[in-house]
1. Give the residue that is least open to solvent (accessible area, probe 1.4 Å), with candidates limited to residues of region 130-149 that are in contact with a Leu (Cβ under 9 Å, 6 or more places away or on another chain) and either assigned to a strand (DSSP E or B) or at pLDDT below 85 (or both).
2. For region 381-415: of the residues being among the charged types (D, E, K, R) and within 20 Å of the chain's Cα centre (by Cα), which is nearest to Met160 (Cα to Cα)?
3. Output the number of residues of region 201-258 satisfying the condition of being under 22 Å from Lys296 (Cα atoms), surrounded by fewer than 17 Cβ atoms within 10 Å (Cβ to Cβ) and among the aliphatic types (A, V, I, L, M).
4. Which of the residues spanning region 223-266 are modelled with pLDDT under 85 and outside any loop (DSSP other than H, G, I, E, B)?
5. Among residues belonging to region 155-187 that are among the small types (Gly, Ala, Ser) and part of a strand (DSSP E or B), point out the one that is farthest from Gln420 (Cα to Cα).
6. Identify the residue in region 176-185 that is touching a residue at least 60 places away in the same chain (Cβ under 8 Å) and open to solvent by 10 Å² or more (accessible area, probe 1.4 Å) and, among all such residues, is farthest from Leu78 (Cα to Cα).
7. Among what's in region 279-290 and is open to solvent by less than 30 Å² (accessible area, probe 1.4 Å) and part of a helix (DSSP H, G or I), pick the residue that is nearest to Ser366 (Cα to Cα).
Amino acid sequence: MDRGTYEWSAYNKDIHEVPVPLTTPSKLKTHPDVHGYKHKVRICACGDLVRGKDNLFGYSPTCDRFYILFVFIRTTLLGYTLQHIDAINAYTHAPAPQPRMMYKPPHGIVPSDPDKPLLHALRAIYGDVESGRAYYLFWVYILEVYLNYQRVYKFGCLMMKMTDQGLILISTIVVDSAISAPNDTITQQVVQEIKQHIHIECKKLDFFLGININYDLENRILKMDQHELIEEAARKFGVNLEGKIPLSPLPEQAKITCDDCPENVNPTDATSMRSMIGVLLYVSITRPTISYAVMKLATVQDKPSRLHLKYAPRMFKYLLNTKMLPLVFSAKPYPLPDGTIQAADQPIILADSSYGDGGKAEKHRSTGGYNVLLGGAAWVTKSNTPKIIADSSPKAELQQLYGATKQVMAIHNLFNKIKQPLSEPIGIKQDNNTVISVFSVSSNNKNSRHWETKYFWIEQVME
């Protein structure tokens, strides 16, 4: 047994829950992967906190694409170094979160004292929900109290520190951290400071949370893909490239609605669907083009029909055929769809909507969304079918423009928090002439006011 991690103890029903067999090692992450493949979606201590057992805060599975990609993009634009920090035996640095952590010893381990037949966890252990949060708080405490880092947002997944030579950013998911610093010298200084409090390893960031990363510092180009994750997932779900290869994530005329869901569903089908959706959501980090299709499938994951169960493997087949297609960020200017040249370091948003294309099943709701481009590729991707039915094409466009505008505010807020505000306004590209005319300075007539009033009524309903 790991010395210092457990002690032999007796059961106290007043403070301990019923002991369970100890199957999770406390230091080495070697227990079987519940998803069946090695690149599972990681559980991280950031995101929406939820009330857990015994009224303690647990944490929800999430991977914040917005902040992770921001670190990578900013590193590329500035020509900073990018390193991977991995905490060794991470959880055991933190104390056990509760006295309830009592376990039956593994088979073959015999207690020396019959009056103390159980193992009491003294340190946080890998695989326990509250232990994950205990380590997360320990890690944030080191960065904040000892090393004077600041949280960029309240959950602390992204930490920052301003130095004379530039800004240092550390993005952490569970025990893995990506550190962006002006040069290798500063990176090594940071690593040595952290090593005074916790045992870590630092290496070149070429693989992070199932994402393959190829960073060309000299040319300031960063390429990301998840081909290994796609291959592993395809094997798990029995997908191969035999037969017809799809050229898009979903068939062109595919309509996915809850009306198609059966009343009685096989629990195995629902479990399989949720598993596939979980992987697809994670793959969408580097493949934003599948976001809308995954979102539609996610609405039926609890009660999938036979047709839905065909769409998800089809999407894996599409990904398997294009597994090496990377998401590429660069410091070079790039052309937009309208032919204008965009500076790589200036965010730009492309918003659009397809009026009434939801069909009868979705009451002709309009599908739309927007992309935030930074560094020449998609940083933020949003796609949806609003609940409110737009009765004209301009109103459908405005629904997406409303969401895009809120995203502008979030981006400005992020740059202000890292004390590097944007020098220019963030542009939003829109192709609907009516929408453009309504928001132009010269538009101030009776018709535009009438139309704007309807928009503000929609806005109020949405809020």
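1. Glu130
2. Initially, region 381-415 is screened for residues among the charged types (D, E, K, R), giving 382, 387, 391, 395, 397, 406.
Filter once more, keeping what is within 20 Å of the chain's Cα centre (by Cα): 382, 406.
Values: Lys382: 27, Lys406: 24 Å.
Among those residues, the one meeting the criterion is Lys406.
3. Count: 3.
4. Of everything in region 223-266, those that are modelled with pLDDT under 85 and outside any loop (DSSP other than H, G, I, E, B) turn out to be Cys258, Asp259, Asp260.
5. Ser177
6. Per the stated criteria, the residue is Asp176.
7. Start the filter on region 279-290 by keeping residues that are open to solvent by less than 30 Å² (accessible area, probe 1.4 Å), which leaves 279-280, 282-288, 290.
Now narrow it down to the ones that are part of a helix (DSSP H, G or I): 279-280, 282-283, 288, 290.
Values: Val279: 27, Leu280: 24, Tyr282: 26, Val283: 26, Pro288: 20, Ile290: 18 Å.
Among those that are open to solvent by less than 30 Å² (accessible area, probe 1.4 Å) and part of a helix (DSSP H, G or I), it is Ile290.
Residue by residue, here is whether (1) open to solvent by less than 80 Å² (accessible area, probe 1.4 Å); (2) at pLDDT 75 or above; (3) among the β-branched types (Val, Ile, Thr) holds:
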| position | (1), (2), (3) |
| --- | --- |
| Ile349 | yes, yes, yes |
| Ser440 | yes, no, no |
| Asn444 | no, no, no |
| Arg449 | no, no, no |
| Lys454 | no, no, no |
| Trp457 | no, no, no |
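The values are calculated or read from the model by the stated rules, or taken from the named source; none is laboratory data. Predicted model, so just to flag it, every value in this text is computed and none were measured. Cβ coordinates were reconstructed from backbone atoms using ideal geometry, including for glycine residues, and neighbour counts include every protein chain displayed. Note: accessible area is taken over every heavy atom of the protein model, side chains too, but ligands, DNA and RNA are not part of it. Shrake-Rupley method; radii C 1.70, N 1.55, O 1.52, S 1.80 Å.
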